[in-house]
Amino acid sequence: MEELGLANYLLSWPATSPDMNPIEGVWCLLKRRIMRRHPRPTTVPTLLTAINEEWTALSPQDIQQLTSSMPTRISELITLRGRHTRF
């Protein structure tokens with residue numbers, strides 16, 4: 001990377017760094033909704049259909065709930081000094 005001059009632009013990212021991005025909560029929400037489907041998707045086409053349907057069904061309130069939890073998430077992360085949180 002040094003030869004490309006990228007080292008000056010890359011941030012070090014620890015291997016155990018928590019991912020506190022709210023999109024992770026969206027993926028979790030989608031997974032839970034898909035797993036509750038009866039019947040569950042068993043093929044790639046039915047899984048893709050389920051993902052599209054559940055993505056479309058996400059409400060602004062679903063997203064607001066995830067983003068509004070960020071102060072609590074960050075506070076817990078600081079308290080636990082970067083270790084595993086319940087989120």
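Within the stretch 65-82, can one find any residue that is touching a residue at least 60 places away in the same chain (Cβ under 8 Å) and in a loop (DSSP other than H, G, I, E, B)? Yes, the conditions are met somewhere in the stretch 65-82.
Within the stretch 26-64, work out how many residues are polar (S, T, N, Q) and part of a helix (DSSP H, G or I).
At the first step, the residues of the stretch 26-64 found to be polar (S, T, N, Q) are 42-43, 46, 49, 52, 56, 59, 61, 64.
Pick out the ones that are also part of a helix (DSSP H, G or I) and you get 46, 49, 52, 56, 61, 64.
Within the stretch 26-64, residues that are polar (S, T, N, Q) and part of a helix (DSSP H, G or I) number 6.
Read-outs throughout are calculated quantities, based only on the coordinates presented, and are distinct from any laboratory measurement. Source: prediction; values computed, not measured. Here Cβ is always computed from backbone atoms with ideal geometry, including for glycine, and neighbour counts include all displayed protein chains.
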